[in-house]
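Data block below; observations after.
No value in this document is a laboratory result; all are computed from the given coordinates. Keep in mind that this is a model prediction, so the values were computed, not measured. Glycine gets a Cβ as well: all are built from the backbone with ideal geometry, and neighbour counts include every protein chain shown.
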Amino acid sequence: MTPMIDIVFQLMAFFIMSLKIVQAEGDFDVRMPLGAAAAAAPDDQLVPPVRVRLSSNPDGSLAGIKMNDSPVSDFEELRKKVINLVGNDSGPNSIADKTEVELDCDYDLRYENVVRAITSVSGKVQGGEIVELIKKIKFTPPKKIN
Amino acid sequence: MARKKSRGPANTDIDMTPMIDMTFQLIAFFMFVINFTEAEQDERIQLPSSQLAKPTEGTIETPITLQLTNSGLVVYAGELVKVSDLRGYLEREKTAMIDADKEPTSATVIVRADGRAKTGEVQDIIKLCQEKGFERFALRAKYDEGH
């Protein structure tokens with residue numbers, strides 16, 4: 001019996017030691033070929049792009065959000081405005097599917113704000129289900145090059 | 001109360017069955033939970049959280065993971081490199097892909113950037129990747145169940 005128990009404990013020790021607790025992560029898929037603006041076919045551009053401007057304070061915190069040049073108070077309002085714009089249908093050929101969001105961010109802005117903005121425009125959680133809004137996201141070129 | 005006198009080294013056989021049952025259950029549990037996939041997670045990076053960042057199903061074809069730290073350095077294949085030095089590494093990735101008969105456009109660049117990093121630096125990385133012909137990006141975030 002003893003050899004078996006030895007082996008069993010060794011096995012257990014091995015599995016316990018090699019256990020890694022991995023936090024759940026997810027991706028926002030962004031497709032950005034170089035020179036996308038010029039390459040985009042005109043018939044895809046039925047709906048003008050939504051321009052979201054995120055400005056930053058010198059310390060990197062968020063100073064203000066603008067959607068198509070009109071000020072927005074917070075990310076929740078941004079989501080409401082996006083829902084107003086694209087409606088609630090999110091099928092393959094819906095307005096949400098054709099609309100594109102262009103993020104114009106200050107160089108020093110903390111990246112977490114960008115993720116919050118993408119979260120606001122790309123979907124909402126309704127009753128535990130994710131309802132997709134705008135999926136096409138692109139960035140304007142970075143403003144300052146170090 | 002009268003006690004039975006023990007006679008020297010008694011036959012002390014313990015019933016091992018429950019312990020072995022338990023141990024096997026534990027082994028089975030750890031075997032299920034264990035994850036051998038090389039998930040590139042660096043503890044230096046605190047990902048921003050998002051309730052829409054649901055874990056992806058399936059595997060990403062030819063992933064290239066670039067992790068941007070708070071201080072503006074990139075963790076590439078376990079090494080800390082400057083954003084400006086990334087060009088050479090990306091060129092190597094591109095050559096490796098072409099050698100393997102794959103288009104750089106089919107690769108996915110996984111950007112694991114720290115929530116406190118500068119957006120401009122993330123964009124610089126994306127721009128460098130674009131120059132090398134990569135166009136699929138996955139901006140990674142921590143899945144946040146709350147609110």
- Antiparallel content of DSSP bridges confined to the protein assembly as shown, in %, to 5: 55 percent
- Message: Run the numbers for B:ASP101 and B:ASN35: contour at 0.36 nm per residue of separation, minus the present Cα-Cα distance, in nm.
- Response: 20.8 nm
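Can you put B:VAL33, B:VAL75 in order of Cβ neighbours within 10 angstrom, beginning with the fewest? Spell out each step's value before the answer.
Numbers: B:VAL33 12, B:VAL75 18.
Least to most surrounded, the residues fall as B:VAL33, B:VAL75.
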- Counting alpha carbon pairs within less than 8 Å and at least 6 residues apart, what relative contact order, in whole percent, applies to segment B:23-91? 18 percent
- Message: Using Cα-Cα distances under 8 Å and only pairs 6 or more residues apart, what relative contact order does chain A have, in percent?
- Response: 23 percent
- From the cross-link list A:LYS98/B:LYS102; A:LYS136/B:LYS54; B:LYS94/B:LYS127, the entries with a Cα-Cα span beyond 23 Å are A:LYS98/B:LYS102
- Query: What's the long-distance tail for segment B:49-143, i.e. % of Cα pairs beyond 21 Å?
  - Reply: 30 percent
- Task: Please work out the ratio of the alpha-carbon Rg of chain A to 2.2 N^0.38 Å and round it to two decimals.
- Result: 1.52
- Message: Restricting to Cα atoms and excluding each atom paired with itself, what does the Kirkwood estimate give for the protein assembly as shown in Å?
- Response: 22.2 Å
- Task: Largest first and in whole Å, give the semi-axes of segment B:60-104's equivalent ellipsoid, each being the square root of 5 times a Cα gyration tensor eigenvalue.
- Result: 22, 11, 7
- Ranked list, fewest to most other Cβ atoms within 10 Å of each Cβ, for B:LEU26, A:LEU103: B:LEU26, A:LEU103
- Item | On Cα atoms only, tilt of B:17-33 relative to the major axis of chain B in degrees | 0 degrees
- Message: At a 10 Å Cβ-Cβ cut-off, how would you order A:ARG110, B:ARG44, fewest neighbours first?
- Response: B:ARG44, A:ARG110
